[in-house]
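**Q** Pasting in a structure now, in structure tokens, and then I'll have a few things to ask.
The values are calculated or read from the model by the stated rules, or taken from the named source; none is laboratory data. Bear in mind the structure is a predicted one, so any value in this text is a computation, not a measurement. Counting neighbours? That spans all protein chains shown, and the Cβs are built from the backbone with ideal geometry, glycine included. The accessibility values were calculated without ligands, DNA or RNA, using every heavy atom of the protein model including side chains. Shrake-Rupley method; radii C 1.70, N 1.55, O 1.52, S 1.80 Å.
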Amino acid sequence: RNVAWAQAIWLKIEHSIPRQACGTRDTACIRIAAMFSMRLFGNPAFKSAVTCSVDAQQTRNVASLKVLKARMRSFNNMKKITKSMKMVAASKLKKDESRMHVALPFVRPVQDLFARLPRMDRPGATIYFGVTSDKGLCGGVNSAVAKMCRRGMAADEAAGNAAKYMGIGAKGSAALKRFYGDRFTTVFEECAKVPWTFGAASIIAEKVIATNPMKMTVCSNKFRSLVAYETQAAQVVTLNEAMTMDRAEFSKAMDVYSFEPSIYEVWNDLHEFYYATVIHGLYLEGAVSEQSSRMAAMESASKNANEMLEKVSLVYNRARQAKITTELCEIISGASAV
């Protein structure tokens, strides 16, 4: 019976009290119900429960303000981190770009020499060589190379040819090893810990020569400008392809150059040098594309963090003003009631 009486009293109080400036209607109902419960039942436990509920409601805004302040702090820290990463990427970009401009005049003539050789589409195993980086947070530079390698291997296997993967960088192998892990031969990681040199490219070229590929495709990013790059798949002339070419067409393509000693005596050494120059040039262009893309990504991240900070700051200021207004109304209502 006591419970039924308490519920009836609660309903009458709830419908009879309008919303006031001093607080919500639920708070007023809780306080009046506590008063009636003490008079009717003399139960102090109910009073303690009501007091805890009122205290929790009063401290709810304080907790939300703490959460908003923590979010503002995290967004501000994120903005500082992305801004500093952009500055570091800009510093690395200058060094990589200077290396690229120094190396490309030596790389392009060798590539142009082998580009004169005739190409024939023959069936056989193909090695896809992906040039990626070891670190992320640089936009779609690495994912574009991995996607191109994946599509190429899928197309070759659909045509009945075997496909293998070699590459530079941990991001390319991480993107491909889930579905193409059994096609991996050799992956070179952490190449960016030391400055890139032609000696490092020669070591990688020796590994490529040891595999003796039938066909080879290099997937990399070609640097266009600070805001643009192009993901391309370049066909590399392998030693097996050169040995099976028609001699007449081969001599016609090479007659414009003079070799001492003859081209047939130095061809193997020249071909090894060709592998190293291709890897050297494409890695430098990929490194410059990576740093430029990281600069753009960090600039966009800083802008997004600033926008989120402004939005959370607006919500925080509104909540703080609402809390101050509520406290002032409660003080004024309490003073007028006395």
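**Q** Tell me, yes or no, whether the range 96-109 has at least one residue that is closer than 30 Å to Arg247 by Cβ, out of contact with any Lys or Arg (no Cβ under 6 Å at 6 or more places or on another chain), open to solvent by less than 80 Å² (accessible area, probe 1.4 Å) and among the aliphatic types (A, V, I, L, M).
**A** Of the range 96-109, the ones closer than 30 Å to Arg247 by Cβ are 106-109.
Going one step further and asking which of them are out of contact with any Lys or Arg (no Cβ under 6 Å at 6 or more places or on another chain), we end up with 106-109.
Now restrict to residues that are open to solvent by less than 80 Å² (accessible area, probe 1.4 Å): 107, 109.
Okay, now just the ones that are also among the aliphatic types (A, V, I, L, M), so 107.
Yes: the range 96-109 contains one or more residues that are closer than 30 Å to Arg247 by Cβ, out of contact with any Lys or Arg (no Cβ under 6 Å at 6 or more places or on another chain), open to solvent by less than 80 Å² (accessible area, probe 1.4 Å) and among the aliphatic types (A, V, I, L, M).
**Q** Quick check on this structure: which one of Ala170, Ala192, Ala162, Ala175 is in contact (Cβ under 8 Å) with a residue 12 or more places away in the chain and either open to solvent by less than 40 Å² (accessible area, probe 1.4 Å) or in contact with a Leu (Cβ under 7 Å, 6 or more places away or on another chain) (or both)? Walk me through it before giving the result.
**A** Working: Ala192 fails: either open to solvent by less than 40 Å² (accessible area, probe 1.4 Å) or in contact with a Leu (Cβ under 7 Å, 6 or more places away or on another chain) (or both); Ala162 fails: either open to solvent by less than 40 Å² (accessible area, probe 1.4 Å) or in contact with a Leu (Cβ under 7 Å, 6 or more places away or on another chain) (or both); Ala175 fails: either open to solvent by less than 40 Å² (accessible area, probe 1.4 Å) or in contact with a Leu (Cβ under 7 Å, 6 or more places away or on another chain) (or both).
After ruling out the rest, the residue left standing is Ala170.
**Q** Which numbered condition trips up Arg122, out of (1) more than 29 Å from Phe223 (Cα to Cα); (2) modelled with pLDDT of 90 or more?
**A** (2)
**Q** So, one more: For the range 236-337, please list each of the helices (runs of 4 or more DSSP H) lying entirely inside it that holds at least 3 residues being at pLDDT 85 or above and touching a Phe, Trp or Tyr at 6+ places or on another chain (Cβ under 9 Å). I'd like the intermediate steps shown before the answer.
**A** Details: elements: 239-243, 247-254, 263-337.
Correct list: 263-337.
**Q** Related question: Restricting to the range 97-146, name every residue that is over 30 Å from Val256 (Cβ atoms) and of a type in the set (Ser, Thr, Tyr).
**A** Once the filter is applied, which keeps residues that are over 30 Å from Val256 (Cβ atoms) and of a type in the set (Ser, Thr, Tyr), the range 97-146 yields Ser98, Tyr128, Thr132, Ser133, Ser143.
For (1) at pLDDT below 90; (2) part of a loop (DSSP other than H, G, I, E, B); (3) among the polar types (S, T, N, Q); (4) under 25 Å from Asn268 (Cα atoms), each residue gets a yes or a no:
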{"residue": "Tyr180", "(1), (2), (3), (4)": "no, no, no, no"}
{"residue": "Ala201", "(1), (2), (3), (4)": "no, no, no, yes"}
{"residue": "Lys207", "(1), (2), (3), (4)": "no, no, no, yes"}
{"residue": "Pro213", "(1), (2), (3), (4)": "no, yes, no, yes"}
{"residue": "Met216", "(1), (2), (3), (4)": "no, no, no, yes"}
{"residue": "Cys219", "(1), (2), (3), (4)": "no, no, no, yes"}
{"residue": "Phe223", "(1), (2), (3), (4)": "no, no, no, no"}
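**Q** Please verify whether Val315 is under 19 Å from Arg71 (Cα atoms) and in contact (Cβ under 8 Å) with a residue 24 or more places away in the chain, treating the condition exactly as stated. Don't jump to the end; show me each part of the working.
**A** Numbers: under 19 Å from Arg71 (Cα atoms): yes; in contact (Cβ under 8 Å) with a residue 24 or more places away in the chain: yes.
Criteria met by Val315.
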